[in-house]
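Report on the following structure.
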Amino acid sequence: MSRDPSIPHIPPITGVEFVHAGGTGLCVRDRGPAGARPAVVLLHGTTATLGVWDEVVSRLGPGVRTLAVDQRGHGRSDRPPGAGYGAEEYAADIAALLRERGAGPAVVAGHSLGARNAVALGARHPDLVAGVVAVDYTPFTEPEVLDALHDRVRAGNRAFSSPREVECYLRERYPLLPAAAVRRRLRYGYRPAEDGWRPLAEPRAMLLTVEGLRRDFDAETRDIGVPVTLIRGEHSRIVSPRAFEATRELRPDVRAVRLPHLDHYVPEEDPVAVAREIHRMLDRVAVRGHPS
């Protein structure tokens, strides 16, 4: 029987493995030469998956080892019950992964939730982190921004009648994403269920994650002792100009980059620019004594 042309073809996820990191099973895609130093760890945002980094990984090139991770409660990783969805728990998972893989000290690049987690990891485990690239999330995020995020997360937790309906929803929710990035989010982040197509992100975990974001991480940002790059999309609805400037005042030594014509979803909208900043960080930490 021929496939219904109205339903997008969804290829299987390949090249991933499940790694027991501490008490959490994480879905990881480990690419590049195992001996390359430093490795680059890639952490996605709330409700997303490791797939958002595919184009960045491609542009980093085959000589860079990358570990893209579905964080706890997301994608195909474990969904620990209870309230373990704060910065401490997320950072502990990645610390355990780096130790299990012998991949530290690493450059850790994170987007949104992943940016918070990357900074928390660097502050708590400086022996495992060589540098941080924090993409479109900073301290001093306004409460109303997190209120809106909470509402979007709840609205996205529903059954869709078909992959086509999911794709239409994603296009509306992420208007600046390239079509290929929308299809990638569908491929990595949704599954067929009895009542239709549902997101893989565990609903309660997502709401607990948003609540965890309400605890600011200005102390970790102030105290982190490794190099940090902050990136903001010019039209971000998550990182306001005020929050970005307040973070720069807190840490005037960090590299602060504004990317024009983008909103919050910078790694998917301009993977070339993000890969360039990661390469810049790799060069910087090599000079500081972490040879590549």
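Results, tabulated for the structure shown:
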| quantity | calculated |
| --- | --- |
| Length released on extending from residue 161 to residue 258, taking residue separation times 0.36 nm less the Cα-Cα span | 31.1 nm |
| Amide H within-cut-off set for residue 108, under 5 Å, with H built and near neighbours excluded | 41, 130, 131, 132, 133 |
| Computed over the chain, the ratio Rg/Rh where both radii use C-alpha atoms and Rh is Kirkwood | 0.95 |
| Charge dipole magnitude, Cβ of K and R +1, D and E -1 - the chain, Cα centre, debye nearest 20 | 580 |
| Which of 168, 27 has the fewest Cβ neighbours within 10 Å, and the rest in rising order | 168, 27 |
| Nearest-ten-degree value, helix 113-124 long axis tilted from longest Cα axis of the chain | 30 |
| Residue-averaged [θ]222 nm for the chain, counting only DSSP H segments that reach four residues, each worth -39500 (n - 2.57) | -12000 deg cm²/dmol |
| In order through region 51-67: 3J(HN,Hα) via Karplus (6.51 cos²θ - 1.76 cosθ + 1.60), integer Hz, x for Gly, Pro | x, 5, 9, 3, 6, 5, 4, 4, 7, 5, x, x, x, 9, 7, 10, 10 |
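Every read-out reported here was derived from the displayed coordinates using simple, explicitly stated rules and does not represent laboratory data. Remember, predicted model here, so these are calculated numbers, not experimental data. So basically every Cβ, Gly included, is an ideal-geometry build from the backbone, and we count neighbours across all protein chains shown.
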